[in-house]
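Engineer: Have a look at this one.
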Amino acid sequence: MAALWWVMFFMATAILLGVCAVALYTLRRERRGRGLHVGRFVAGWGVAFPVTALAVLLVIALRTGEGMLPKPGPEGALRVAARGQQWWWSFTQWDAAGNPVHSAGELHIPAGRAVDVHITAADVIHSFWVPRLTGKLDAIPGHENVLRLRADTPGIYEGQCAEFCGLQHAQMDFRVIAHPPEAYAAALAALATARPDPAHPGAADFAANCASCHGTDARAKSAAPNLAGLAQRGRIGGGTLRNEGQESVLLWLRRHETLKPGSREPSHAALDDATLARIAGYLETAR
């Protein structure tokens, strides 16, 4: 994919420089009292040039699109699921035993292996896009699209929704975390067991005020973002805040209505600071 982006960059640069050169040439000719031959100008720059440029881009797009489609391979592609909704992404991965592991905002994959992402949406049309790994593909309610991606090296790859989907579209980010192949199973197992401490004083507050929507067990799907491994995530609130510990979680609980207007999380105005602090502390125990 990196080579493709460089090709597109150089082609776009060449087109821009060509247009600027023609504009400057035209202005200089006009100042000297000589205009361009209209027929040749239209035929060359209005027909031949765009047809050639678009034909080259079409060939590149077709080859790129073919590479994005799932197809059999010698090792077999890993299957994961992505679900977009206003305004966050939920992901489901499966361990070696076939058991699901649910997360929100972060997708874990092994580096060096093809991954087929089965994409859908809960409400409106979204679009799944990880610019450094693959092209974009729409997430459509009631329909499943499949996109193939591959991270050649371990690292964190930023993703985003690429289809305007409402008020907080700009804050619907996610991350793809590519692990070394030999460490992927352990990373998935750690994610599956990253549960907050049930003995923490905030567990009861969470159960009374949050558990009807949010889950803290990565093995179970929940309607709202699964918070089992929240303490280990780089961001919270669908990419709204950097997760720098308990204070970040507490800030979200106190001000999510102003940090992310339109968020469907209920107001916590009825909860005092001590209760919110206990809930934030409870979630932090899974770090």
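Engineer: Would you check if there is a residue in region 265-274 being closer than 24 Å to Phe91 by Cβ, polar (S, T, N, Q) and modelled with pLDDT under 90?
Structural biologist: no
Engineer: Hey, any hits in region 202-218 for a residue that's loosely packed, with under 15 Cβ neighbours inside 10 Å, outside the structural domain of Ala139 (by TED's automatic domain parsing) and of a type in the set (Val, Ile, Thr)?
Structural biologist: No; the residues of region 202-218 include none that is loosely packed, with under 15 Cβ neighbours inside 10 Å, outside the structural domain of Ala139 (by TED's automatic domain parsing) and of a type in the set (Val, Ile, Thr).
Engineer: Is it fair to say Gly112 is farther than 23 Å from Gly229 by Cβ, assigned to a loop (DSSP other than H, G, I, E, B) and in contact with a Lys or Arg (Cβ under 8 Å, 6 or more places away or on another chain)? Lay out the reasoning, then the answer.
Structural biologist: Details: farther than 23 Å from Gly229 by Cβ: yes; assigned to a loop (DSSP other than H, G, I, E, B): yes; in contact with a Lys or Arg (Cβ under 8 Å, 6 or more places away or on another chain): yes.
Judged against the criteria, Gly112 is a match.
Engineer: Here is a follow-up. Against the conditions (1) within 30 Å of Gly112 (Cα to Cα); (2) in contact with a His (Cβ under 9 Å, 6 or more places away or on another chain); (3) in a loop (DSSP other than H, G, I, E, B), where does Gly215 fall short? Just the number, please.
Structural biologist: (1)
Engineer: Continuing with this model, one more query. Check whether at least one residue in region 234-253 is touching a residue at least 40 places away in the same chain (Cβ under 8 Å), part of a helix (DSSP H, G or I), not hydroxyl-bearing (Ser, Thr, Tyr) and not assigned by TED's automatic domain parsing to the domain that holds Val101, and report yes or no.
Structural biologist: Among the residues of region 234-253, not one is touching a residue at least 40 places away in the same chain (Cβ under 8 Å), part of a helix (DSSP H, G or I), not hydroxyl-bearing (Ser, Thr, Tyr) and not assigned by TED's automatic domain parsing to the domain that holds Val101, which makes the answer no.
Engineer: Among the numbered criteria (1) assigned to a strand (DSSP E or B); (2) in contact with a helix residue (DSSP H, G or I) (Cβ under 7 Å, 6 or more places away or on another chain), which one does Thr134 miss?
Structural biologist: For Thr134, the failing item is (1).
The values are calculated or read from the model by the stated rules, or taken from the named source; none is laboratory data. This is a predicted model, so every value here is computed, not measured. Positions of Cβ are backbone-derived with ideal geometry, glycine not excepted, and every protein chain shown enters the neighbour counts.
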